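Note sheet for the following structure.
The values are calculated or read from the model by the stated rules, or taken from the named source; none is laboratory data. All figures in this text were calculated on a predicted structure; none of them were measured in a lab. Cβ coordinates were reconstructed from backbone atoms using ideal geometry, including for glycine residues, and neighbour counts include every protein chain displayed.
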Amino acid sequence: MPSENTSKQRQNPISQAQNSAQRAENAVNQAQTHPNQTTFQQAEHAINRAEHALDQARGSENEEPVQRIEERIKQQINELKEAENETNYGR
């Protein structure tokens, strides 16, 4: 059973990064559908947390999910920038 715990511990940072990326996506969607200063700030904060979680997941033995998460976060950054430009709530 010790190997089971070790495996779970290795996956934990990846799972946390996946969850953070999902929360960032939700926050960006909220900012896109309800554009105001608060939703944009919340989306930026969620993206920052997702980037931090991604940093924690880097170096894991399984780089493929880390790369997918990184792409998801980059996409959310771009979508948020586009929405900010369209609504004048840019940084």
Checklist entry - With (1) within 20 Å of Pro13 (Cβ to Cβ); (2) surrounded by fewer than 19 Cβ atoms within 10 Å (Cβ to Cβ) as the list, and Gln30 as the residue in question, which single condition is left unmet? => result (1)
Item to check | Tally, over the range 24-37, of residues that are touching a helix residue (DSSP H, G or I) at 6+ places or on another chain (Cβ under 8 Å), over 19 Å from Arg58 (Cα atoms) and either polar (S, T, N, Q) or part of a helix (DSSP H, G or I) (or both) | outcome: 7
Checklist entry - Does Ser7 count as modelled with pLDDT of 95 or more and in a helix (DSSP H, G or I)? => result no
Checklist outcome for this item: Of Glu86, Glu61, the only residue that is farther than 14 Å from Asn26 by Cα and assigned to a loop (DSSP other than H, G, I, E, B) is Glu61
Checklist entry - Counting just the residues of the range 13-27 that are polar (S, T, N, Q) and buried (at least 16 other Cβ atoms within 10 Å of the Cβ), which one comes out farthest from Gln75 (Cα to Cα)? => result Gln16
Checklist entry - Looking at the range 37-91, which of the residues that are more than 14 Å from Ala21 (Cα to Cα), out of contact with any Asp or Glu (no Cβ under 9 Å at 6 or more places or on another chain) and of a type in the set (Gly, Ala, Ser) is surrounded by the fewest Cβ atoms within 10 Å (Cβ to Cβ)? => result Gly59
